[in-house]
Every structure is written in C-alpha cells, then in structure tokens.
Amino acid sequence: MSQATAVESSQASEALRGLLSSRMKVLYITTDHRPGGWLADAFGSDSATEVLLEEAMGVVEGVSRLRDEVFDAVLASHEPGVLDVVEMIEGLRAGGNDVPMVVLGTQPPQELSAILFEVGADAYCRVQDTTTRSLIWTVARAVERHALIRKNRQLLQDQRRRLHHEHQEADRLLQQQHSLIEELHSIREETSDEALVGQSPKEIPRKSAVTPRLSAAATYALPDRLVSHYRELLRAYVIMGAGNLADEMKPLAELLIGGGVTARQAMQMHLSALEELVRGLGNRSARHVMNRADLLVLELMVHLADGYRQQLVQKRKPLRQQVLPGIESTPLSSLPYEPITDA
C-alpha cells in the first residue's frame, strides 16, 4: 500500500469516528476572476484541521498538477463560460483520475447538483450558504468515500484472484485424481500381462484399446439413472454435509455392488459428476465443493470396500444348513426303523 493510500485510509477511519484528520492537502482550481486568497484565509481561521491549499489557474494547469502530484481532494470553482467544471470532471473521470472533487459555485444546488453527481463529482457547495467548517467536513467525507471505494475495489480484486486460484487448484486436483485412476488401471493391466506369460497365443484373450477418459455422455458404461442419481446426491452432499445423507450411502453402495461396479468405475463416475458441478460454479468458491466431494467419495469407497469384502467372505465360507442338535451324534443303528434291503 502506498503512502498516499495509507493516509487516505487513516483519514477515512477518523472521519467515520467523527474526527477530522490533522492535515489535508487540497488543490483549488480556479480562474483569475476568483483567486483562492479568501479560501486560504477561511481555512486558516478555522482550527479544526490544517488544510494545505494550493492554487491552480485554469483547467490545463489543474490537470497538470493532478498528474504530477498527489492531493487528498480537489476544490473547483465553477464559472459558466470561463471554467466549466462539468466538462473538466467528466474528462478527469474518463481518464481514470478518481481524486475527490468538491465544486464551489454561486448557482442554486437544484440547478447543478444532479449534473455534477452524474459526471462524478462528490459534492456541490454554494458559496453563499456554506461555512468553513461545513466545507471542511464536506471535503473530509469526500476523501472518506473515495478511500472506501478503493478499499472495496481492492477487496473485490483479491476475491476474484482467490476464486481464480481455487478453480485452478480444483482443476489440478481433478487432473491428479484422473491420473491416479489411469495409473492404477495401467498397473492392473501390467499384472494381467505377467499372468499370461507362458500361455499360447490362442489362450491369450484379445484386448481392446483402452481410452484414458470416456466421454461424459457414456459415463463409463453405467446407467444414466444411476449417474443422474449420484449427481443429485453429490449436490445434496455439498449443501448438507456429512452425516445428513448416511441413509443414502449404504443403498447406493449395495446398488453398485449388485451391478458389479468396480471401485475404478465408481471413482470415474464421481469425477465426472464433480467436474460438471465445478464448471457450473462460475464465480463461487470451489474449495468448499472439493472438500465435501472428497468426503462423499471417501464414504462411498468405504461402503463399497466393505460390501465387496462381505461378498468375498460369503464366497469363501458359504452359508450351510445346520443340523438339529443331537442328530449328528446319533448312530444309524439306534434309529427306530428297519434298514431297507433288496427283496
């Protein structure tokens, strides 16, 4: 932050508390018909604050001084036909100069205030109706207003940079997750190739070309209803958070397990839905969405892994019909019936 901006921020904070800054540097743009001696004497007679008043004759000299020096505010004397303040302020604002502007004149406010506000002036004071103290406070409020505008503009730029950085970070994380899935798939293929070593060419199954990423329309050979359901679940999870959709996760995992959906396919479905959600955020934050999405896919993978583990246990140790107690230890000779023999 520059020294001039720091001074303006300090002055703005003091004005908000009802206190004037100890010093203000003001440029007075006028003509030979109305020199600034009377205005300097007026400011000097008021001990509320120290006003360093510098004078510029005409628009050309005033614009030149504003280009070369830094002033807290500008006072301009409006003289129709001699010094047109409306055109001067309009030109300064179009050129990017945002110094506070207070206009002094002899016309009634209702004739000139609206026009001055439209071109970018901060206030209009009629000389006959304005005291020195009120003029000082008018200038102080104009300085305060512009300091707040600059601060809000800076905050807006910081927010835009932060959102842009968050979206870049989200894209980078999505690319890393895609790369992780592709790497795991490559490792699985290499393992399968090693298992086929020693087999005859006729016994080796023919492989189809594997594309790293499938299109969003054919989302990894999963039903459209399932993909749409997961997309809505992801949106709800981002809003409601973990724990509120616990009853939805187990049925979803059972549905995926029943359809033989692998962890890779589930992760690809998740990334496809997440990419679509992030692209639709616009200027909103992506960090919250990414954090909630990571929790969702973690919870889903836990349910999925547990479901497949239970299937494996049942396959290795299938359920068997248990005999009634006592029957297994009873010898056949003691049973109350005659053995069947051939006639």
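Summary table
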{"quantity": "Failed criterion for Q107 (all others in (1) within 35 Å of the chain's Cα centre (by Cα); (2) assigned to a loop (DSSP other than H, G, I, E, B) hold)", "calculated": "(1)"}
{"quantity": "Subset tally (residues that are modelled with pLDDT of 90 or more and of a type in the set (G, A, S)) for the stretch 26-57", "calculated": "1"}
{"quantity": "Answer residue from the stretch 87-103, given it is in a loop (DSSP other than H, G, I, E, B) and touching a residue at least 24 places away in the same chain (Cβ under 8 Å) and is surrounded by the most Cβ atoms within 10 Å (Cβ to Cβ) among those", "calculated": "P100"}
{"quantity": "Residue in the stretch 72-86 that is nearest to the chain's Cα centre (by Cα), counting only those that are crowded, with 17+ Cβ neighbours inside 10 Å and part of a loop (DSSP other than H, G, I, E, B)", "calculated": "D72"}
{"quantity": "Residues being touching a strand residue (DSSP E or B) at 6+ places or on another chain (Cβ under 9 Å), assigned to a loop (DSSP other than H, G, I, E, B), loosely packed, with under 13 Cβ neighbours inside 10 Å and free of Cβ contacts under 8 Å to residues at least 40 places away in the same chain - total across the stretch 20-65", "calculated": "2"}
{"quantity": "Positions within the stretch 247-290 being without any contact (Cβ under 8 Å) to a residue 40 or more places away in the chain and assigned to a helix (DSSP H, G or I), in sequence order", "calculated": "D247, E248, P251, L255, G258, A266, R279"}
{"quantity": "Pair list, Cβ < 6 Å and 6+ apart or interchain, from the stretch 104-125 residues that are under 16 Å from H146 (Cα atoms) and assigned by TED's automatic domain parsing to the domain that holds L148 to residues that are modelled with pLDDT of 90 or more and assigned to a loop (DSSP other than H, G, I, E, B)", "calculated": "D122/P100"}
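The values are calculated or read from the model by the stated rules, or taken from the named source; none is laboratory data. None of the values given here were measured: they were computed from a predicted structure. Positions of Cβ are generated from backbone atoms using ideal geometry, with glycine treated the same way; all protein chains shown enter the neighbour counts.
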